[in-house]
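The structure under discussion appears below in the form of structure tokens.
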Amino acid sequence: MKDLKYLYEFEKLLESANNPLVQQACAEGKHALAYTCYHMPEVLLNTGDCFSVRLRAPLTGSLDISSYYMSNFICDYCKSLLERGIEGGYNFLSALLATETCSEMNRALEHFELLHLVDNEQFFVTFLDMPFKVTDNTVRHYVDQLRRKVLEPLHEVYGVDVSDDALRKSVAEHNEVCRILTEIGQLRKEENPRITGYEYHILNLVSYCCPKYLIVDKLRETLEELRHREPDAKPNFRVKIAVVGSEIDDPGFTKLVELRLDARPRGDPPRPRPAGAREHRPALPHYEPVPALHAAREGGGPLAARARPVRGVPRAGRAVRTAQVLRVLGL
């Protein structure tokens, strides 16, 4: 098949956390907000003049320094982030937003504050106290955490617009990216797919690591390109397989499966995450849109809508949290 127009550009963007689009957004005065866990609502980190960045450490080599500060037995993903931070690879960040969900990750991210790894006097690190049960009380607690530890600090430190209108605009942008990726994903279910698992993995990973307002048009153009793309006359694979389980950061793994097994991964591929990471929650569906937020407010404004339980709808933990918070917020 003919190569996708933006595939090479997207591949190059994934070679660095501080990629050209991140640099462009920062030059425009935007604030880069880093996160590592799907319990941190991605959509809220794109409000106002902020954009979210899923922390990665591509092309990591030695972990000697991070192992000195931590341990040889700690997850390599956590140590890779710390190693890259010590190298100065995250100086573009305005804040690091974490959750109390993984003690190894918490220990790694605490070093960003203790060692002053980001050259920004206003940089701050915050940790959410995450409830692991969905009840009215835990939803209220979750919403309160998001207000006090995410939205209010962003407004106080950087003057970020965290109004209902700003949050709704962020939700609309998030849903547009979700819609595009979902439609592209459906093409993988064809008898002779017009997109490979590797190509989709690249598109998916870019959507986590780049400012959405700078990639949404290219994703939309890629979708239109795929609608008219002619697959190979003869399928160049023998079987379709589903890769299920750990999140992976390296799309080369997907490419290796396709080349070595003559297989075309189908269904939802692993969600991207730096090498060595392990998934603690179901990974599917990874980009389900946040529900249209026109429900009546439930005593908490837009933020609470992001935390209210969505009953009877099977979703990944990340999507559940997002929809719940937005509903409690009344968005």
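Scanning segment 18-46 for residues that are modelled with pLDDT of 95 or more and in a loop (DSSP other than H, G, I, E, B), we see that the one that is nearest to Leu128 (Cα to Cα) is Lys30.
When only residues in segment 250-271 that are surrounded by 13 or more Cβ atoms within 10 Å (Cβ to Cβ) and in a loop (DSSP other than H, G, I, E, B) count, which is modelled with the lowest pLDDT? The selected residue is Arg271.
From the list Leu109, Leu151, Leu114, Leu128, the lone residue that is closer than 17 Å to His31 by Cβ and at pLDDT 90 or above is Leu151.
Looking only at residues of segment 169-193 that are over 18 Å from the mean Cα position of the chain (by Cα) and either aliphatic (A, V, I, L, M) or buried (at least 18 other Cβ atoms within 10 Å of the Cβ) (or both), we find that the one that is farthest from Phe253 (Cα to Cα) is Leu187. Among the residues here, Asp165 qualifies as in a helix (DSSP H, G or I), of a type outside the set (Ser, Thr, Tyr), without any contact (Cβ under 8 Å) to a residue 40 or more places away in the chain and farther than 27 Å from Glu15 by Cα.
Is it true that some residue in segment 56-65 is closer than 24 Å to Val150 by Cα, basic (Lys, Arg) and either surrounded by fewer than 24 Cβ atoms within 10 Å (Cβ to Cβ) or in contact with a Gly (Cβ under 8 Å, 6 or more places away or on another chain) (or both)? Within segment 56-65, none of the residues are closer than 24 Å to Val150 by Cα, basic (Lys, Arg) and either surrounded by fewer than 24 Cβ atoms within 10 Å (Cβ to Cβ) or in contact with a Gly (Cβ under 8 Å, 6 or more places away or on another chain) (or both). I need a count of the residues in segment 53-71 that are touching a helix residue (DSSP H, G or I) at 6+ places or on another chain (Cβ under 9 Å) and either more than 17 Å from Leu205 (Cα to Cα) or without any contact (Cβ under 8 Å) to a residue 24 or more places away in the chain (or both). Qualifying residue count for the region: 11.
With the requirement that a residue be in contact (Cβ under 8 Å) with a residue 60 or more places away in the chain and in contact with a helix residue (DSSP H, G or I) (Cβ under 9 Å, 6 or more places away or on another chain), what does segment 100-150 give you? Across segment 100-150, the qualifying residues are Cys102, Met105, Leu109, Leu128, Met130, Val134, Val139, Arg140, Tyr142, Val143, Leu146, Val150. Within segment 242-249, can one find any residue that is among the acidic types (Asp, Glu), closer than 23 Å to Tyr35 by Cβ, touching a residue at least 40 places away in the same chain (Cβ under 8 Å) and not in a helix (DSSP H, G or I)? The answer is yes, given that some residue of segment 242-249 is among the acidic types (Asp, Glu), closer than 23 Å to Tyr35 by Cβ, touching a residue at least 40 places away in the same chain (Cβ under 8 Å) and not in a helix (DSSP H, G or I).
The values are calculated or read from the model by the stated rules, or taken from the named source; none is laboratory data. As the structure is a computational prediction, the values presented were derived from the model and not from experiment. As a convention, Cβ positions derive from the backbone with ideal geometry for all residues, glycine included, and neighbour counts pool all protein chains shown.
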